[in-house]
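As structure tokens, the structure follows; a few thoughts come after it.
Where a number appears in this text, it was derived from the coordinates with a stated rule and is not lab data. Everything quoted here is computed from the prediction, not taken from an experiment. Please note: Cβ atoms are built from the backbone with ideal geometry, for glycine as well, and neighbour counts cover all protein chains shown.
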Amino acid sequence: MRAFLWALTVMVAHFLVAAPAVANDFPTQARVEYVLRCMDANGGQSYNTLYACVCSIDRIADSFSYADFAEAETFALLRSTPGEQGGVFRDPDRAHELQKKYQDVVSQAEQSCFAAHKEVTPDDKKDVRATGEKN
């Protein structure tokens, strides 16, 4: 009986330690769609925008469950739909709440990720060679 309780305790402890990995429930397709939109909005396809956008969706996934992210993104993308039909995406309290969180989380993620993956231009390289310091 003690062995069974010990094994059960170890399994529960292992599950609790592994739980944060399970919490990230974003499907691959949703990640890819976000990354492609992000790259398109930030200068097109390059390794720098790829890495920054992948970093960004990883940070977003840390802040949202996939269900909340999908709902928030839908509200954010469709809030400018005109007329009465757009009211469904603009007017509910939940829409305001999720849009605000979505905008804050995406903004913070992109600021930190794009700063970390800033593209080095040929002019930056000249400045480094001439002064020894990067802009």
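All other residues whose Cβ lies under 11 angstrom from that of Asp68 are scored, Lys and Arg at +1 and Asp and Glu at -1, for a net of -2. For segment 73-86, putting each phi into the Karplus relation 6.51 cos²θ - 1.76 cosθ + 1.60 with θ = phi - 60° gives couplings of 5, 4, 4, 5, 6, 9, 5, 8, 4, x, x, 5, 4, x Hz, in residue order, rounded to whole numbers and with x for Gly and Pro. Charge tally for Cys38 (other residues, Cβ to Cβ under 11 Å; Lys, Arg +1; Asp, Glu -1): -1.
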